[in-house]
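Nothing in this text is a laboratory measurement; each read-out follows from the coordinates by a stated rule. None of the values given here were measured: they were computed from a predicted structure. We place every Cβ from the backbone using ideal geometry, glycine too, and count neighbours over all the protein chains shown.
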Amino acid sequence: MFSRALRYHSVLTTLLLSTCLLSTFYSHSQNLQLPPLSDLENSLTTFLEIERDAKLRNFDQLKSGEWQDVLPSLGLAYTPAGDPRPSLSWSPLQILDRKEQKKKRKLARESIYLSYEIMITDRLYKLRQLYHDYTIDREQLNTDDATLAIDEQLYAITETKYKENLIKPSDYLSAKKSITQARANVKATQMLLLKRKNEVLYEGKWER
């Protein structure tokens, strides 16, 4: 009776340790959660639109002094008697040049808008692709976690048998090696997925 109770306690303790390990892996998995794709898309679009508008504002500031281009030029002339006097000179070509510059600025503004429309479309496509790839890898990690949960339970049973001298040390060491490798594989997948998560967040310009 005492031996049976001791065996039960040993199995229970080992299973509890395995449960703690699994809860740790689950906690790491929770840290791998991504915001909804629609939120990331809105974040990226807003970021690029703000960047575009900043460029346009800077562009408008550069053109604010254009009226100075049509002012007469102040110079120095001389009277027939040879006395210096100020003079003003102005050419109709200044008006034509001003209209040409205005046309160029309009085309430049349209070019900025168009380039950002293309950029937004391209960046959204890349974001969706990264998010899709991440989702596939996350599903694979879920499968690996489920497999590891079974491996942990099997290892707990093996460890209990070893403590009770029911199996050879070599069998126990083989099982321990297998579970250690399985844990390492899941951990490596988690680390890789965390890097991909950060890549998605960066691409989506998500404030964390």
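Pairs exceeding 26 Å between alpha-carbon atoms, taken from Lys55/Lys99; Lys55/Lys205; Lys102/Lys126; Lys103/Lys205: Lys102/Lys126; Lys103/Lys205. On the basis of the beta-carbon distance and an R0 of 25 Å, Glu164 and Ala184 show a calculated FRET efficiency of 0.35. A crude spin-label estimate for the pair Ser174 and Asn198, with each label 7 Å from Cα along the Cβ direction, gives 4.0 nm. The charge dipole of region 127-198, taken about the Cα centre with unit charges on the Cβ atoms of Lys, Arg (+1) and Asp, Glu (-1), comes to about 300 debye, rounded to the nearest 20. Only sites in a loop by DSSP and with at most 12 other Cβ atoms within 10 Å count here; which GluC sites (Glu not before Pro) in region 164-208 make the cut? In loop regions of region 164-208 (DSSP not H, G, I, E or B), the sparsely surrounded GluC sites (Glu not before Pro) are Glu207. Computed from label points 7 Å out along Cα-Cβ, the spacing between Asn142 and Gln101 is 6.2 nm.
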